[in-house]
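Asks: Handing you this structure, nothing more for now.
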Amino acid sequence: MGSVGAAMGTEKITSECVEVPLGERSYRVEIGNGLLSELGGRIRAAGLKQTQAFVVTNGEVGGLYFERVRAALEQVGFTRVVRHDLPGTEAGKNWEEFTGTCAALLEAFPDTGSVPLVVLLGGGVVGDLGGFAAGVFRRGVPFVQVPTTLLAAVDSSVGGKVAVNMGGVKNIFGIFNQPRLVVCDLGMLETLSAREMRSGMSEVIKYGGVCSRALFEQLEAPGGVERVLERDPGVLVDVVAQCVRLKAAVVAQDELDRKGIRNVLNFGHTVGHAIELSASYALTHGEAIAVGMIAATRLAIAVGVCGEPFLDRLHGLLERAGLPTRYPAGASLFDAVIRAMQMDKKFRDGRNVFVLPTGDGSWVQRENVPWDLVHAVVREALSE
Ligand SMILES: NC(=O)c1ccc[n+]([C@@H]2O[C@H](COP(=O)([O-])OP(=O)(O)OC[C@H]3O[C@@H](n4cnc5c(N)ncnc54)[C@H](O)[C@@H]3O)[C@@H](O)[C@H]2O)c1
Ligand SMILES: [Zn+2]
């Protein structure tokens, strides 16, 4: 891990590099402003030698950045850069789009003489679906994540969980597949909507809440949340790098999610995912997770692992970030949310599993939490 200061001593740090240490699957996450034009050089520096690329993106992001990606790749000798667009919404993270992407890969690269580098240019939808397709095409071709949302920068582009949704269950078909490199040009967040910035902020607050008291306190300080949302370049690089370091440390200890350590990243996601799905994606992922973090904290208080003050602090941060803390429009969705929650991949043999904050930048996992307590916090999450 290390950081690269700007040439001028008075300038803020312009880029950071975080290593995800996974033995032979280790890779770098390069975070900064203006990195997109250097994408080709960074790909070569990572030892990737392909000369053909398959870029997965969507209409909106591709319209803004694909030509820059193509130019950056051509600069280092790529002779063919194929673009494939997905729908621009979470509803498009589905099996049909996944097989459509596989078919497009095969059509563009029909023989083994032309194994492409897959480049995932977009948010979590592009990254999750595209990383899955790259992992199963010819039993795996290398891929590079180029996250374009705050959420993808701090979370989904790192760690190798790639998947699609099906049958009302989030991420139910998927694999572990680590990227070879992540190039995160935070300059691209300039074009991201304020709502999507807030959505990414939800995952930033998640890291602070259960992985780092220092980050939580930094966000709580005057201007802490606001400067991120205003896209202050220096603050963004610092906060994104902190989150990626926290995620890299968790992933390094539990790459395949077998030791329970990785569950920390699911704070707010058990109730959050269920609301996200039941509301047919009326909420963004981050908005649903914000509601879910409040529900999980209430549960933590109910079972006695967390004090009331943390709930107030979390509430305060989420409100400053413009994130919801309940979803009143979902009052009629109670049964659907409970059903969706029971499909959670952490649950085993009917036993529920919750990631609960302890209020000091840490967490505990609790199994078999009494359902009446769970019902009460879900009812509260869906109340006026
Ligand atoms: N794999 C993981 O570990 C992991 C972790 C967290 C979340 N996720 C997944 O990530 C997904 C959510 O990702 P997301 O929040 O990035 O949403 P997203 O990929 O749907 O992107 C949100 C919207 O922003 C637009 N957009 C993206 N970048 C832009 C830019 N720079 N300028 C303008 N518009 C831009 C997109 O077109 C899209 O409409 C969910 O499916 C979630 O399950 C995965
Ligand atoms: Zn998430």
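The values are calculated or read from the model by the stated rules, or taken from the named source; none is laboratory data. What you are looking at is a predicted structure, and each value in this text was computed from that prediction instead of being measured. In this analysis, Cβ positions are derived from the backbone assuming ideal geometry, glycine residues included, and neighbour counts consider all displayed protein chains. Areas reflect the complete protein model, heavy atoms only, side chains present, ligands, DNA and RNA absent. Shrake-Rupley method; radii C 1.70, N 1.55, O 1.52, S 1.80 Å.
Asks: Using only alpha carbon positions, build the gyration tensor of the chain, then give the equivalent ellipsoid semi-axes as the square roots of 5 times its eigenvalues, largest first, whole angstrom.
Replies: 34, 24, 18
Asks: Return the percentage of antiparallel bridges among DSSP beta bridges fully within the chain, rounded to the nearest 5 %.
Replies: 45
Asks: Mind listing which trypsin sites (Lys or Arg not before Pro) in segment 191-255 are in a DSSP loop and have 10 or fewer other Cβ atoms within 10 Å?
Replies: Loop-located and lightly packed - none at all.
Asks: Show that you can apply the helix-only estimate: for the chain, add -39,500 (n - 2.57) for every DSSP H stretch of four or more residues, divide by all residues, and state [θ] at 222 nm to the nearest 500.
Replies: Result for the chain: -13500 deg cm²/dmol, rounded to the nearest 500.
Asks: Next question, about the same structure. Each residue of segment 121-132 in turn: what ³J(HN,Hα) in whole Hz from Karplus with 6.51, -1.76, 1.60 and θ = phi - 60°, glycine and Pro shown as x?
Replies: 9, x, x, x, 5, 4, x, 5, 6, x, x, 5
Asks: Another question about this same structure. Can you sort Cys184, Cys102 by 1.4 Å-probe accessible area, starting with the largest?
Replies: Sorted by accessible area, descending: Cys102, Cys184.
Asks: Any chance you could count the Lys pairs in the chain whose alpha carbons are under 14 Å apart, treating pairs 8 or more apart or on different chains as valid?
Replies: 9
Asks: Quick check: the angle from helix 194-210's long axis to the longest principal axis of the chain, C-alpha only, nearest 10 degrees?
Replies: Value to nearest ten degrees: 70.
Asks: Spelling out what I want: for every residue of segment 22-31, take phi, set θ = phi - 60°, compute 6.51 cos²θ - 1.76 cosθ + 1.60 (Karplus), and round to whole Hz; glycine and proline get x.
Replies: 10, x, 6, 9, 4, 7, 9, 10, 9, 10
Asks: Gain in length, Val76 to Phe334, computed as 0.36 nm per residue apart minus the alpha-carbon separation, to one decimal in nm?
Replies: Separation in residues times 0.36 nm, less the Cα-Cα distance, equals 87.5 nm.
Asks: In square angstrom, rounded to the nearest 10, how much accessible surface does Ile172 have for a 1.4 Å probe?
Replies: Number for this one is 70 Å².
Asks: Between Val119 and residues 5 or more places away or on another chain, which pairs have amide H atoms under 5 Å apart, with H built 1.01 Å from N, and which residues are they?
Replies: Amide H to amide H, under 5 Å and 5 or more residues apart or across chains, Val119 pairs with Phe54, Val55, Val56, Val144.
Asks: So how much slack lies between Leu22 and Thr112, counting 0.36 nm per residue of separation and subtracting their Cα-Cα distance, in nm?
Replies: Length difference between fully extended and current span is 29.6 nm.
Asks: For the pair Leu64 and Val364, how long in nm is the line joining their label points, each one 7 Å along Cα→Cβ?
Replies: Roughly 4.3 nm, to one decimal.
Asks: Report for segment 2-192 the percent antiparallel among DSSP-assigned beta bridges with both residues inside it, nearest 5.
Replies: Roughly 35 percent of the DSSP beta bridges within segment 2-192 come out antiparallel.
Asks: Between Arg138 and Glu308, what's the calculated FRET efficiency when r is the beta-carbon distance and R0 is 56 Å? Round to 0.05. Don't skip to the end; give the middle numbers.
Replies: Working: r = 54 Å, r/R0 = 0.97.
In this case the efficiency is close to 0.55.
Asks: Roughly how many nanometres apart are two label points built 7 Å out from the Cα toward the Cβ at Ile172 and Ala249?
Replies: Simple spin-label model gives 3.6 nm for this pair.
Asks: Carbon and sulfur atoms: what percent of the 1.4 Å accessible area of the chain do they account for? Kindly include the intermediate steps, with their values, before the conclusion.
Replies: Details: 7760 of 15160 Å².
Of the solvent-accessible surface of the chain, carbon and sulfur hold 51 percent.
Asks: What chymotrypsin sites (Phe, Trp or Tyr not before Pro) does segment 248-327 have in DSSP loop regions with at most 16 other beta carbons within 10 Å? Present the calculation step by step, with values, prior to reporting the outcome.
Replies: Working: sites: Phe267, Tyr281, Phe310; in loops: Phe267, Tyr281.
Here the chymotrypsin sites (Phe, Trp or Tyr not before Pro) that fit, given the DSSP loop and packing criteria, are Tyr281.
Asks: Amide H of Arg80: which non-local residues (sequence gap of 5 or more, or other chain) have their own amide H closer than 5 Å, using H built in the peptide plane?
Replies: Long-range HN contacts for Arg80: Ala53.
Asks: Filter the GluC sites (Glu not before Pro) in segment 210-264 down to the DSSP loop ones having no more than 14 other Cβ atoms within 10 Å, then list what survives.
Replies: Loop-located and lightly packed - Glu230.
Asks: Give the span of segment 2-192's Cα atoms along each principal axis, as three whole-Å numbers ordered largest to smallest.
Replies: 53, 38, 36
Asks: In terms of modelled amide H atoms, which long-range or inter-chain residues lie less than 5 Å from the amide H of Thr14?
Replies: Under 5 Å from the amide H of Thr14: Ala6.
Asks: How much length would be gained if the chain were fully extended between Lys49 and Tyr281, taking 0.36 nm per residue of separation minus their Cα-Cα distance, in nm to one decimal?
Replies: Computed gain between Lys49 and Tyr281 is 79.6 nm.
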